[in-house]
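Here is the structure we will look at, set down as structure tokens.
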Amino acid sequence: MVQGFKRAAFSNEAGVGSAAIAHSAAKTKEPVREGIVALLEPFIDTIIVCTMTGLVIVITGHYAGGSSAEVAEPFAAVNNGAGLTSTVFASEISWFPHVLSAAVVLFAFSTMISWSYYGERCWAWLFGDGSSMVYRVLFLIMVFLGSIITSTNVLDFGDLMILGMAFPNVLGLYFLSGDVKKDLDAYMKKLKNGDFDSEKIT
């Protein structure tokens with residue numbers, strides 16, 4: 001269960017505060033509207049995609065104690081979820097590992113782009129836009145190091161950093177929850193009154 005929570009946080013970053021960096025760049029007259037859009041991300045990512053993957057593993061018996069547990073054990077021993085998923089799907093759809101490989105590559109690439117952007121925005125806020133090149137060089141060094149060390153170390157480091165971001169963010173959410181509720185109530189009141197009916201959504 002702990003592993004599930006760790007991978008879920010790594011997957012959708014809910015509660016970490018990183019997504020706010022991307023959504024703050026959106027142009028909208030109603031910040032609450034953008035917040036509602038942001039809520040869809042963890043729902044699609046975790047509730048739909050990850051749940052479907054987990055159900056396939058359970059239904060096919062590729063889990064500890066399942067009918068095909070011997071297949072899952074080597075992957076569990078080295079914490080290789082992608083390998084397990086590929087093997088499980090291949091047992092039912094022979095060509096699916098190719099699709100999964102492409103999805104993993106795209107996910108890894110898009111994650112590097114988004115995390116690079118998040119980090120650069122934070123770096124620029126701390127040290128100014130003129131120092132962004134320093135961050136980019138450091139980021140490239142980290143990408144290289146991530147490619148030559150074990151995935152377990154990368155994931156452990158990522159989990160630690162996500163936890164480090166979550167603590168201050170959750171604390172901030174607690175103190176700002178009253179303001180958020182006030183803005184949400186005001187937005188919902190406008191929505192019920194039809195104030196947005198003639199407005200072009202931006």
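The values are calculated or read from the model by the stated rules, or taken from the named source; none is laboratory data. None of these values were measured; they are calculated from a predicted model. All Cβ positions, glycine included, derive from the backbone under ideal geometry; neighbour counts span all protein chains shown.
Which of the residues belonging to the stretch 99-142 are within 15 Å of A82 (Cβ to Cβ) and either surrounded by 15 or more Cβ atoms within 10 Å (Cβ to Cβ) or within 19 Å of the chain's Cα centre (by Cα) (or both)? Don't jump to the end; show me each part of the working.
At the first step, the residues of the stretch 99-142 found to be within 15 Å of A82 (Cβ to Cβ) are 99-109, 111.
Those that are within 15 Å of A82 (Cβ to Cβ) and either surrounded by 15 or more Cβ atoms within 10 Å (Cβ to Cβ) or within 19 Å of the chain's Cα centre (by Cα) (or both): L100, S101, A102, A103, V104, V105, L106, F107, A108, F109, T111.
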Residues being within 21 Å of A19 (Cβ to Cβ) and either of a type in the set (F, W, Y) or loosely packed, with under 12 Cβ neighbours inside 10 Å (or both) - total across the stretch 144-160: 2
query: Within the stretch 84-98, how many residues turn out to be part of a helix (DSSP H, G or I) and surrounded by fewer than 15 Cβ atoms within 10 Å (Cβ to Cβ)?
result: 2
- line: Expected output for the stretch 89-113 (first residue free of Cβ contacts under 8 Å to residues at least 40 places away in the same chain, partner hydrophobic (A, V, I, L, M, F, W, C) and loosely packed, with under 14 Cβ neighbours inside 10 Å, Cβ below 8 Å, 6+ apart or cross-chain) is M112/V143
message: Let me confirm something: among Y117, Y135, which residue is within 30 Å of R33 (Cβ to Cβ) and either modelled with pLDDT under 85 or of a type in the set (F, W, Y) (or both)?
response: Y117
Extreme residue, farthest from the chain's Cα centre (by Cα), among residues of the stretch 186-199 that are surrounded by 11 or more Cβ atoms within 10 Å (Cβ to Cβ) and in a helix (DSSP H, G or I): K190
Which numbered condition K181 fails, given (1) at pLDDT 85 or above; (2) under 19 Å from G119 (Cα atoms): (2)
